[in-house]
1. Just the residues that are open to solvent by 20 Å² or more (accessible area, probe 1.4 Å), closer than 20 Å to A:Gly211 by Cα and not in a loop (DSSP other than H, G, I, E, B), please, taken from the range A:123-149.
2. With modelled with pLDDT of 95 or more, farther than 26 Å from A:Val304 by Cα and not in a helix (DSSP H, G or I) as the only criterion, which of B:Val353, B:Val371 stands out?
3. Sort out which residues of the range A:305-319 are in contact (Cβ under 8 Å) with a residue 12 or more places away in the chain and at the interface with another protein chain (Cβ under 7 Å from one of its Cβ atoms), and write them in order of number.
4. Tell me, please, whether a residue that is within 14 Å of chain A (Cβ to nearest Cβ) and among the hydrophobic types (A, V, I, L, M, F, W, C) can be found in the range B:73-95.
5. Output the residues belonging to the range B:7-51 that are within 14 Å of another protein chain (Cβ to nearest Cβ) and in contact (Cβ under 8 Å) with a residue 24 or more places away in the chain.
6. For the condition touching a Lys or Arg at 6+ places or on another chain (Cβ under 9 Å) and within 16 Å of DNA strand D (Cβ to nearest atom), what is the one hit in B:Ser33, B:Ser19?
7. Just give me the residues in the range A:210-226 being open to solvent by 10 Å² or more (accessible area, probe 1.4 Å) and among the aliphatic types (A, V, I, L, M), in sequence order.
8. Out of A:Val307, A:Val316, report the one residue that is modelled with pLDDT of 95 or more, surrounded by 20 or more Cβ atoms within 10 Å (Cβ to Cβ) and within 20 Å of A:Asp357 (Cβ to Cβ).
There are 2 protein chains.
Amino acid sequence: MGGSAGDLVRLVAKGHGRSRAELARLSGMAPSSVSLRVEELIEAGLLREDGEGASRGGRRPRQLRLHENAGVVVAVDVGTHHVRMAVLDLAGRVLLEHELPGEIAEGPERVIERLLDNLRMTLRQAEVEHLPLLGVGIGMPGPVDPGAAKVVAPSRMPGWNDFPIGRRMSELLGVRVVVENDANLMAVGEHRYGWPDRDNLMAVKAGTGIGCGIIVSGRLHRGRGAAGDISHVPVHVPEPVTCSCGHSDCLEAHASGAALRRILRAQGIEVSSSRHLVDLVNDGVPEATTLVRNAGRLAGQVLVPLVNFFNPDVLVLGGGLSAAEPFVAAVRGAIYERCLPLATRDLEIATAVTGRDACMLGAGSLVLDEVLASEWVDDTLAAR
Amino acid sequence: MGGSAGDLVRLVAKGHGRSRAELARLSGMAPSSVSLRVEELIEAGLLREDGEGASRGGRRPRQLRLHENAGVVVAVDVGTHHVRMAVLDLAGRVLLEHELPGEIAEGPERVIERLLDNLRMTLRQAEVEHLPLLGVGIGMPGPVDPGAAKVVAPSRMPGWNDFPIGRRMSELLGVRVVVENDANLMAVGEHRYGWPDRDNLMAVKAGTGIGCGIIVSGRLHRGRGAAGDISHVPVHVPEPVTCSCGHSDCLEAHASGAALRRILRAQGIEVSSSRHLVDLVNDGVPEATTLVRNAGRLAGQVLVPLVNFFNPDVLVLGGGLSAAEPFVAAVRGAIYERCLPLATRDLEIATAVTGRDACMLGAGSLVLDEVLASEWVDDTLAAR
DNA sequence: CCATCTTTGTTCGGAATCGAAGTTTCAGGT
DNA sequence: ACCTGAAACTTCGATTCCGAACAAAGATGG
């Protein structure tokens, strides 16, 4: 597939295509054309030769990689109470990352201000100020319209509704900015960094809220923009709890971190955050363990029809609650108990390979895809 | 996208690309190259000029279509008690179709024998014996492994397990044969003939059994081969009924045509087929109507999480039960009552546009895609 | 009814791409 | 050590493909 300079760069960036010959095989172009193009790309400073690889029975391949000076992107994971940020090179390698506190409830203006400060500091610390910044990827903990690059109808995010964070950041920085929902980004991140050769994956992010991202045939599935929502699926529980959506039996109202904290508080146990909740579980506090296990069972029951229906290669469990072993075990149990053998036979159920970085890395991956698919490659080539 | 003769033929076949200029726009090739290629394709007898179209403010386009003598494919829908068959031209137009009785329980050898007889007769009746037969698409009412082109682990299909129907038919006919599950084919057929410009669609086939096919980004989603299974999702019902899978609360055990007939028989009402059941409903037999409405409600409840999760553009209801208005109304009701507004806002819920032909047309569409993506186009061109 | 703008399709020279043959380098066998 | 085959590139003539200009045909608007 493909037949242009951009395709070659993309293949190298994704980690396939490590030599001219391999690029020729993967791109479908003639070896001679690939050689010419690669030479140009090296001349333009986009690619770089990186020693020789192992022979496979003939001449050793001259390995190719993206030139580290070609540029960087910044990936941001905006959480409810924190901001995680990283600088990535064009191959998706993390050059520097860190986490800072930050309340999303402070509103978009204040958050953007802090993001920009952070971003400049991060670029300085990573010592890449002299390299071109090619794009920024931002994950938000709420529904996102990726076209307009803004948050829509969020709960727990006062002031953010319809705020065009993408356009604002883009104007202020002068670079491409992509915005996406955090659960979707977790799926993208886990797919790229954890299961790159599995085509169908779903990632469940169980933290303060519950979300799900879907990778179909290697690409993020957005549906009409709301795909992956599992938080308001009805579950069968003895006592109803009113959810923000108006129903009383939503998964989110009974199994999210917020719901569990509420229940514990009613039992006289104050919990400050999802991480605190997991600490209680790992410390063996029975009330917490019971609750978390029950949450896992409910989530698992919701996932059963989805796994049968979607029949993925991998089910990734991420978010705060996934750090609690009973939660993961309960999800696994519910799935294996009730899904079709055909659906579970080759199914991997795993916790997030990239842990707390998943969303941030997903943001990086998404913006990298955008950058490498843009005219930037051709423009850089043309500029010699 | 694309850049070869095959792509042009595909574009014309799909109904996009009706003139040289349009082909150039859609294929990305230069207008001059398209002109040259089209000329060759006309010379080779694959395309044909078909008068002039309406002007759009300039010169009128010289419309292109596939030459009707280029070849045909045969589409087969093997049901439990019938076989439907059609001859299609390369653009997917039905030249002739008919339905014959046929018991799948007679086993593969006997069914194949009858299929071949039917096929020869059909080609004769359609007066296309002199045209090349380029492929056969077959729909089977059970799980299919499309790679091996055989049925796997079927219920209600004695003797069919692991039978390589695709290879056998292919050997006997000397042409490409594709085999696929009937619900998947319903999705393909409805997508192509009913909702060609909607990218995400799910089709529920509620007949003797209950199945579901999924179109994601315009292409059939198979997952690991079992995607779309909704028949063994647990539903909440007062009295358990043992399903073939060993559980007692599967959707199929309570809402499939077979289940409804069983329940009616226990009430002393004998029903011979799903069609008979629908007749009873339309005749206003209250027991039947109540049952069918309840089945719709159960199916709808199962679909709620799937619609939220997948967020499709269209939900197609097909199969025998979809001819019963109370069934459709109950599904609609359950979805609108409980799905997210974001998921239902732009959702179309419709009965199958192509009615009982959906699976058969899907089989035709699938084999056409295969044929037009194969080397056949280039070979025909090379053969002058 | 004529001038102008649009859209469709074609012509043809120049540039990009291919592909077959050749070069370099290495593994494996004898 | 030497030969053979194989893989990774490179060279270079032949071919294809593009793209700009042109021709054809028609809508639009005064």
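1. Scanning the range A:123-149 gives a single hit, A:Asp145.
2. Going through B:Val353, B:Val371 in turn, the sole match is B:Val353.
3. Passing the criteria: A:Leu306, A:Asn308, A:Phe310, A:Asn311, A:Pro312, A:Asp313.
4. no
5. B:Ser27, B:Gly28, B:Met29
6. None of the other options fit; the residue is B:Ser19.
7. Scanning the range A:210-226 gives A:Ile210, A:Val216, A:Leu220, A:Ala226.
8. A:Val316
The values are calculated or read from the model by the stated rules, or taken from the named source; none is laboratory data. Here the structure is a predicted model, which is why all the values come from computation and not from measurement. All Cβ positions, glycine included, derive from the backbone under ideal geometry; neighbour counts span all protein chains shown. The area values use the complete protein model at the heavy-atom level, side chains included, leaving out ligands, DNA and RNA. Shrake-Rupley method; radii C 1.70, N 1.55, O 1.52, S 1.80 Å.
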